[in-house]
1. If each residue of separation counts as 0.36 nm, what is the full-extension length gain between E287 and S80 once their alpha-carbon separation is subtracted?
2. Nearest 5 percent is fine: what portion of the DSSP beta bridges confined to the chain is antiparallel?
3. Can you compute the modelled spin-label distance between D180 and A46, with each label point 7 Å from Cα toward Cβ, in nm?
4. With no solvent and one point per C-alpha, what does the Debye sum give as log10 I(q)/I(0) for the range 130-197 at q = 0.13, 0.25 Å⁻¹?
5. Which whole-number percent is the relative contact order of the range 27-284 (Cα, under 8 Å, 6+ apart)?
6. Amide H of L60: which non-local residues (sequence gap of 5 or more, or other chain) have their own amide H closer than 5 Å, using H built in the peptide plane?
7. What area, in nm² and to one decimal, does the C-alpha convex hull of the range 37-112 cast on average over all directions?
8. What nm value, rounded to one decimal, do you get for the distance between T171 and Q212 when each label is placed 7 Å out toward the C-beta?
Amino acid sequence: MSNSSSDPGAAIHRLADAPEYVLGYSDVEFERLQRQGALFRPLSEAVFLRAEISTGMNVLDLGCGVGDVSLIAADLVGPSGSVLGVDKSPESVDIAKQRLAAAGKSWVRFATTDIDRFTTETGFDAVIGRFVLMYQRDPAMTLRRVSAFLRPNGILAFHEMCMPMARCVPTGALFRRTLDWIIATFERAGVEVDMGAKLAQTFAAAGLPQPQFTADAVVADGRDLRPFENFAGVMRSLLPAAARFGMVSASEVQIETLAERMRDEAVALNATVFSPTLVGAWVRLPESAGRQDQKAVAQ
């Protein structure tokens with residue numbers, strides 16, 4: 001398995017260019033994100049509850065994608081609160097708008113803008129994100145910048161993954177190869193595959209108070225197809241980049257049957273499958289910090 005850099009500064013000091021969103025923006029990827037959102041929703045909701053995201057709050061969701069975390073936030077703050085989701089992909093934002101409108105969450109808005117270009121005239125009660133710092137050129141700088149959007153006593157809460165900690169016990173050869181392909185492709189694209197393990201040092205580098213943490217994973221019997229569908233879905237979206245980087249060819253992956261073959265291997269081994277470990281980190285700013293104003297905008 002390909003491991004991320006052991007350099008403690010690797011998550012903080014990145015290449016000059018932002019990591020590529022190597023999963024792409026296809027309809028297949030948007031559908032995968034929604035399935036992944038359903039799989040991980042209980043874990044993310046637990047993090048935001050522990051961070052005390054609650055009724056009436058005004059929440060900023062960074063890198064909202066197709067709206068899964070915005071939907072969690074909408075349910076937590078209720079109609080007396082508000083949520084603003086920000087993402088640079090117009091296609092993702094359009095889907096998020098449709099989904100939240102269909103769910104009747106009229107207190108959620110969306111803005112199409114890069115995180116580094118987002119500005120606001122007000123403060124938020126909370127800034128949240130899931131699987132977003134891993135794609136930032138300098139995640140500490142991102143945290144430092146967005147923490148300035150918080151009101152006094154505001155909450156900063158992020159949920160990031162430790163991709164190398166995904167496991168199948170006992171491990172089969174196909175599971176190992178698939179995980180290796182996924183991690184190697186993300187790393188080649190400049191993505192921090194172990195962002196969850198680097199949240200503590202990233203918060204510290206951003207000059208933030210010491211956060212609280214939690215870690216969890218989705219665990220399933222090897223007969224459960226869902227986790228293997230998630231791994232295979234990631235691999236499907238990564239295939240063009242994996243081939244471009246020379247990691248693996250489509251003919252070797254055989255993507256159409258990958259999930260079923262991984263499940264069959266796990267059944268034969270009587271295995272248990274673990275998703276990547278997801279680490280939640282959250283902190284409250286002191287009363288002396290944050291903004292006092294009342295109106296939010298995005299440019």
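1. Extra length from E287 to S80 when fully extended: 72.2 nm.
2. Looking only at bridges with both residues in the chain, the antiparallel portion is about 50 percent.
3. In this crude label model, D180 to A46 measures out at 3.2 nm.
4. The calculated log intensity ratios at q = 0.13, 0.25 Å⁻¹ are -0.49, -1.11.
5. Value for the range 27-284: 21 percent.
6. L84, A126, V127, I128
7. With the hull built on Cα positions only, its mean projection is 4.3 nm².
8. The answer from the label model is 3.4 nm.
Every read-out reported here was derived from the displayed coordinates using simple, explicitly stated rules and does not represent laboratory data. Values in this document were obtained by computation on a predicted structure and should not be read as measured data. Glycine also receives a Cβ, built like all others from the backbone with ideal geometry; neighbour counts cover every protein chain displayed.
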